[in-house]
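One structure is given here, and the rest of the page talks about it.
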Amino acid sequence: MSASERAQLETGWKSVLAEELDSDYMASLRAFLVSEKQQGKVIYPAGPDIFNAFNHTPFAQVKVVILGQDPYHGPGQAHGLSFSVPEGVAKPPSLLNIFKEIERDLGLPAPASGNLAGWADQGVLLLNASLTVARGQAGSHQGQGWERFTDAAIDRLNRQRDGLVFMLWGSYAQKKGALIDRRRHLVLTAPHPSPLSAYRGFIGCGHFSEANRWLEQRGETPIRW
């Protein structure tokens with residue numbers, strides 16, 4: 001059985017990413033992850049959550065893409081959705097600023113929970129560039145193949161879907177989204193929502209209302225942010 005057949009991935013994504021799943025670089029990535037675990041390292045998120053972004057948001061149902069960089073590397077935080085934390089976990093600073101901008105932009109009070117699965121289930125692909133990280137070591141799984149895999153996911157969305165909204169916050173996300181066809185998709189850029197840069201243009205960007213206007217103009221149901 002091939003790796004793509006074994007992958008626990010939503011069927012639409014599995015179909016468009018089969019070539020990547022069966023590639024040599026993904027085999028090397030799997031070997032790297034096994035080696036990390038054999039060395040006693042704790043990997044986040046837990047195995048069943050690694051592809052959560054894809055499984056919550058099927059390929060055919062993506063409306064909006066929010067690009068993150070790394071999963072959170074603290075205990076209990078990462079669950080496979082960029083910027084999101086599970087129920088009952090304290091909201092990280094970037095997520096607090098996202099909620100601040102939604103409140104400013106749409107007048108919606110910040111929710112009690114930082115779990116963004118409700119967005120994902122409406123068609124918001126919460127995709128990190130790297131899908132795993134070692135505990136306490138930000139960026140520790142960068143350059144191992146994940147970026148190539150997630151670039152392929154963005155490429156398939158860019159080429160095979162129309163009228164998507166891409167929210168690219170910070171220079172890293174903007175570089176990763178450089179190949180998106182702006183004639184066919186709405187690309188929204190702003191500084192990253194981290195406390196280091198949120199007040200240099202993220203707060204005030206209006207991306208959430210702009211995304212919903214775009215979707216409504218295309219006859220799509222807006223996102224309940």
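The values are calculated or read from the model by the stated rules, or taken from the named source; none is laboratory data. Keep in mind the model is a prediction, meaning the values are calculated, not measured. Cβ placement follows ideal geometry from the backbone for every residue including glycine, while neighbour counts extend to all protein chains displayed. Surface areas here come from the heavy atoms of the whole protein model, side chains and all, with no ligands, DNA or RNA. Shrake-Rupley method; radii C 1.70, N 1.55, O 1.52, S 1.80 Å.
Rank these by accessible area, largest first, 1.4 Å probe: SER113, SER171, SER84. Can you show the working numbers first?
Numbers: SER113 30, SER171 75, SER84 0 Å².
Heavy-atom accessible area, descending, gives SER171, SER113, SER84.
Work out how much length ARG159 to SER15 would gain on full extension: take 0.36 nm times their residue separation and subtract the Cα-Cα distance, in nm to one decimal. All intermediate terms of the calculation are to be shown ahead of the outcome.
Working: separation 144, 0.36 × 144 = 51.84 nm, distance 1.45 nm.
Here the segment from ARG159 to SER15 would lengthen by 50.4 nm.
What aspartates and glutamates does LYS41 reach when the alpha-carbon gap must be under 18 Å and sequence neighbours fewer than 8 apart in one chain are set aside?
ASP49, ASP70
Exactly which GluC sites (Glu not before Pro) in region 72-167 are in a DSSP loop and have at most 13 other Cβ atoms within 10 Å?
For GluC sites (Glu not before Pro) across region 72-167 that sit outside H, G, I, E and B with at most 13 neighbouring Cβ atoms in 10 Å, the list reads GLU87.
Could you tell me how many degrees, from 0 to 90 and to the nearest 10, lie between the Cα long axis of helix 146-160 and the main elongation axis, the longest principal axis, of the Cα atoms of the chain?
Roughly 50 degrees between the two axes.
Could you work out how far helix 93-106 tilts from the main Cα principal axis of the chain, as a 0 to 90 degree angle to the nearest 10?
Result, in degrees: 30.
Ignoring ligands, DNA and RNA, what accessible area per residue does region 115-225 give at 1.4 Å, in Å²? Show your work: numbers first, answer last.
Values: 4930 Å² over 111 residues.
That works out to 44 Å² for each residue.
For region 197-222 and region 173-193, what is the centre-to-centre distance using only Cα atoms, to the nearest Å?
For region 197-222 versus region 173-193, the Cα centre distance is 13 Å.
Can you give the helix-only mean residue ellipticity at 222 nm for the chain, where every DSSP H stretch with n ≥ 4 adds -39500 (n - 2.57) and the sum goes over all residues, rounded to the nearest 500 deg cm²/dmol?
Numbers: 10 runs with 84 residues, N = 225.
The per-residue figure over the chain is -10000 deg cm²/dmol.
Treating the angle as unsigned and between 0 and 90°, give the value, to the nearest 10°, between the Cα long axis of helix 24-38 and the longest Cα principal axis of the chain.
80
When the accessible area of region 12-155 is split by element with a 1.4 Å probe, what percent falls to carbon and sulfur?
52
Report for the chain the percent antiparallel among DSSP-assigned beta bridges with both residues inside it, nearest 5. If you can, show how the numbers build up before the last one.
Working: 3 of 16 bridges.
That works out to approximately 20 percent antiparallel.
Treating cross-link reach as a plain straight distance, find the lysines whose alpha-carbon is under 18 Å from the alpha-carbon of LYS175, omitting any fewer than eight places away in the same chain.
Candidates past the 8-residue exclusion: nothing left.
Give me the net charge for the shell around LEU125: Cβ to Cβ below 12 angstrom, other residues only, Lys and Arg +1, Asp and Glu -1.
Around LEU125, the charge tally is +1.
Might you work out the accessible area of VAL89 for me, using a 1.4 Å probe with all protein chains in place, and round it to the nearest 10 Å²?
Rounded to the nearest 10, the figure is 40 Å².
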